[in-house]
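Visitor: Please find one structure pasted underneath; my questions will follow.
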There are 2 protein chains.
Amino acid sequence: AAIQGEPGAALDDQVASEIAEHPFGTVTFTGRAWKLADVRLLAPILPSKVVCVGKNYADHAEEMGGVAPADPVIFLKPPTAVVGPNAEIKLPANSTRVDYEGELAVVIGRPCRDVPAERAAQMVLGYTVANDVTARDQQQADGQWARAKGYDTFCPLGPWIDTTVDPADLAIRTELDGQVRQDARTSRLIHDVPRLIEWVSSVMTLLPGDVILTGTPAGVGPVRPGQTVSVTVEGIGTLSNPVGLRS
Amino acid sequence: AAIQGEPGAALDDQVASEIAEHPFGTVTFTGRAWKLADVRLLAPILPSKVVCVGKNYADHAEEMGGVAPADPVIFLKPPTAVVGPNAEIKLPANSTRVDYEGELAVVIGRPCRDVPAERAAQMVLGYTVANDVTARDQQQADGQWARAKGYDTFCPLGPWIDTTVDPADLAIRTELDGQVRQDARTSRLIHDVPRLIEWVSSVMTLLPGDVILTGTPAGVGPVRPGQTVSVTVEGIGTLSNPVGLRS
């Protein structure tokens, strides 16, 4: 669906209009529409791959006890980790510490490979908000991050894809039960969005719907069952997810 | 397609029969068939995810200068890395050393999560052969392995999925231009196939067509343009791929 209305307006004043087919290229509508308050949003995209970037804010690299690498370091989350807004993040019983990581996410709009940074914007469908949920203890134990970041529900995306925002300098904020824990701007990204698209597409072909998570700023910390974590990116919206236990 | 004939028989004596829909569950045929010699096989599956296991043969862990970890360490390759038999492995210009890694691969047949090892065999469609191609220099530089193992063409799979073989003790052999470089048996896997399905499915839901690469034995080494690398798993077949340069 396409969401229409003023950013930040009441849910009753925003409308979800059903898209006839897919969101790539010129969108056509079925004519059916509902108040946003009356719908349950799912993840705005089911990506064929989720490419993530580690340590892309200097202050987060520092809090993790390291320095930011000169080139982007990438890793992958499995598509099965993706959930939408308000879906529960389910903590596995075998981890003693699961952290939120609020991030700006890029949604790719066209198949592409070897894209120069100067042309990267043409390959973008839009932007959404992501939470790169991480079992911190398992990340450290394994060395490789796929398990710690790959659990089902560990990639909340949403609440929708904004197709008009400029990602260069947006406020990004993570709140845990309403308390601000991360507060930064995307202008502090070490490798900005065009550079990340250039880097990732120099390795792997990107397909429509693929998602790039751009990295998290300082302030990561653990979540507990019963809490709610909300990530807001200026000009896009707020992605909120309650936390529960995996059964 | 389904391939029928004696293993190891001449290509003219084996037949590729077209499957009506997908290979999961009871297969139906369209009635069209060709001699295997007259068809070009593509990758036998397009997985939604490729889950790989690091250091799962003790002798390979040793040659990499480490010891095998007590629990499986997993990482992901992007689906865009998958190619079929006889497709060219394309070396990126920015790597000074790209290695073959011959492996047994498991193809999942049913959606599943939290599968105990005792029931793992029920979740398997069959087995194929894989080459976990790796830019060794970038693997070491990044720490995370997604880039080094994620280039397009870095996950040859094939030549087909064998649905009857028992994976417990199969000879696995990698040849470079006809010279044997890896020669082992799957009975030497530290974590066997049922244990790997248990481990991976305790993290992420596995979907039909998802592939698990079980790890490579000792003998990894570099490939150069113009060479051909062939991985054979007893009872399944041989996966051969020429090596070229990425353009």
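The values are calculated or read from the model by the stated rules, or taken from the named source; none is laboratory data. None of these values were measured; they are calculated from a predicted model. Heads up, the Cβs are rebuilt from the backbone with ideal geometry, glycines too, and the neighbour counts pull from every protein chain shown. Keep in mind that these areas ignore ligands, DNA and RNA; they rest on the heavy atoms of the full protein, side chains included. Shrake-Rupley method; radii C 1.70, N 1.55, O 1.52, S 1.80 Å.
Visitor: Taking the alpha-carbon set of chain B, what are its Rg and Dmax in Å?
Guide: My reading of the Cα-based Rg and Dmax gives 17.2, 53 Å.
Visitor: Just the number, please: carbon plus sulfur as a percent of the accessible area of the stretch B:100-142, 1.4 Å probe, no ligands or DNA/RNA counted.
Guide: After summing per-atom areas, the C and S share lands at 48 percent.
Visitor: I've got another one for you. Tell me the distances, shortest first, between A:Asn86 and the same position across the other copies, using label points 7 Å along Cα→Cβ, in nm to one decimal.
Guide: Label-point distances to the other copies, shortest first: 5.4 nm.
Visitor: Percent of Cα-Cα pairs more than 15 Å apart in the stretch A:152-230, please.
Guide: 67 percent
Visitor: With θ taken as phi - 60° and the coefficients 6.51, -1.76 and 1.60, list the Karplus ³J(HN,Hα) couplings across the stretch B:40-50 in order, rounded to whole Hz; mark glycine and proline as x.
Guide: Those phi angles translate into 10, 7, 9, 4, x, 7, 10, x, 6, 7, 10 Hz.
Visitor: Something else: Cross-chain or 8 or more residues apart, Cα under 27 Å: how many lysine pairs in chain A fit that? Count them up, please.
Guide: Lysine pairs, 8 or more places apart or on different chains, close enough: 9.
Visitor: Across 10 Å bins from 0, what is the distribution of all Cα-Cα pair distances for the stretch A:66-180, in whole percents?
Guide: Spelled out bin by bin, the stretch A:66-180 gives 12, 37, 37, 14, 1 percent.
Visitor: Continuing with the same structure: Across the stretch A:18-28, in residue order, what do the Karplus-derived ³J(HN,Hα) couplings come to in whole Hz, using 6.51 cos²θ - 1.76 cosθ + 1.60 with θ = phi - 60° and x for Gly and Pro?
Guide: 6, 8, 5, 10, 10, x, 8, x, 6, 8, 10
Visitor: Using the Cα centre as the reference, give the magnitude of the dipole from point charges on the C-beta atoms of the stretch B:1-133 (Lys, Arg: +1; Asp, Glu: -1; all else neutral), rounded to the nearest 20 debye.
Guide: The calculation lands at about 520 debye.
Visitor: Here's a follow-up. Please work out the average accessible area per residue across chain A, using the 1.4 Å probe convention, and give it in Å². List each step's numbers first, then the result.
Guide: Details: 10170 Å² over 247 residues.
Value for chain A: 41 Å² per residue.
Visitor: Per the Kirkwood formula on distinct C-alpha pairs, the Rh of the stretch B:142-193 is how many angstrom?
Guide: Computed over the stretch B:142-193, the radius equals 13.9 Å.
Visitor: Still on this structure: For the full complex of protein chains and a 1.4 angstrom probe, list A:Trp199, A:Trp160, B:Trp34 by accessible area with the highest value first.
Guide: B:Trp34, A:Trp160, A:Trp199
Visitor: Taking the Cβ of B:Asn56 as the centre, find all other residues whose Cβ is under 12 Å away and add up their charges (Lys, Arg: +1; Asp, Glu: -1).
Guide: -3
Visitor: Give me the percent relative contact order of chain A, please, defined on Cα pairs under 8 angstrom at least 6 residues apart.
Guide: 27 percent
Visitor: A:Thr30 label points, 7 Å along Cα→Cβ, one per copy: pairwise distances from this copy to the rest in nm, shortest first?
Guide: When each copy's label point is compared with this one, the spacings are 3.1 nm.
Visitor: Next up: Compute log10 of I(q)/I(0) for the stretch B:1-141 with the Debye formula, placing one identical point scatterer on every Cα and leaving out solvent, at q = 0.10, 0.11, 0.12, 0.13 Å⁻¹, to two decimals.
Guide: -0.48, -0.58, -0.68, -0.79
Visitor: Treating only the Cα positions of the stretch A:11-54 as identical point scatterers, give the base-10 log of I(q)/I(0) from the Debye formula at each q in 0.20, 0.32, 0.33 Å⁻¹.
Guide: Rounded to two decimals, the profile gives -0.79, -1.17, -1.19.
Visitor: I've got another one for you. Among the DSSP beta bridges whose two residues both lie in chain B, what percent are antiparallel, rounded to the nearest 5?
Guide: Bridges in chain B are about 85 percent antiparallel.
Visitor: Find the chain B residue whose Cβ sits closest to the rotation axis that carries B onto A, and give that distance in whole Å.
Guide: For the rotation taking chain B to chain A, the closest Cβ gives B:Leu76, 2.
Visitor: Enter the buried accessible area of the B/A pair, total of both sides, probe 1.4 Å, in Å² rounded to the nearest 100. If you can, show how the numbers build up before the last one.
Guide: On the way: alone 11440 and 11450 Å², together 20330 Å².
Buried area between the two chains comes out at roughly 2600 Å².
Visitor: Using only helices, what value at 222 nm comes out for the protein assembly as shown when you add -39,500 (n - 2.57) per DSSP H run of length 4 or more and divide by the total residues, to the nearest 500 deg cm²/dmol? Walk me through the numbers before you get to the answer.
Guide: On the way: 6 runs with 44 residues, N = 494.
The helix contribution divided over the protein assembly as shown gives -2500 deg cm²/dmol.
Visitor: Then there's this: Go through the stretch A:99-108 residue by residue and turn each phi into a ³J(HN,Hα) via Karplus (6.51, -1.76, 1.60, θ = phi - 60°); whole Hz please, and just put x for glycine and proline.
Guide: For the stretch A:99-108, the Karplus-derived couplings read 10, 7, 8, x, 8, 7, 10, 9, 10, 6 Hz, x marking Gly and Pro.
Visitor: Report, as a whole number in µm² per second, the diffusion coefficient that Stokes-Einstein gives for the protein assembly as shown at 25 °C and 0.890 mPa s using the Kirkwood radius over alpha carbon pairs.
Guide: Here the translational diffusion coefficient equals 104 µm²/s.
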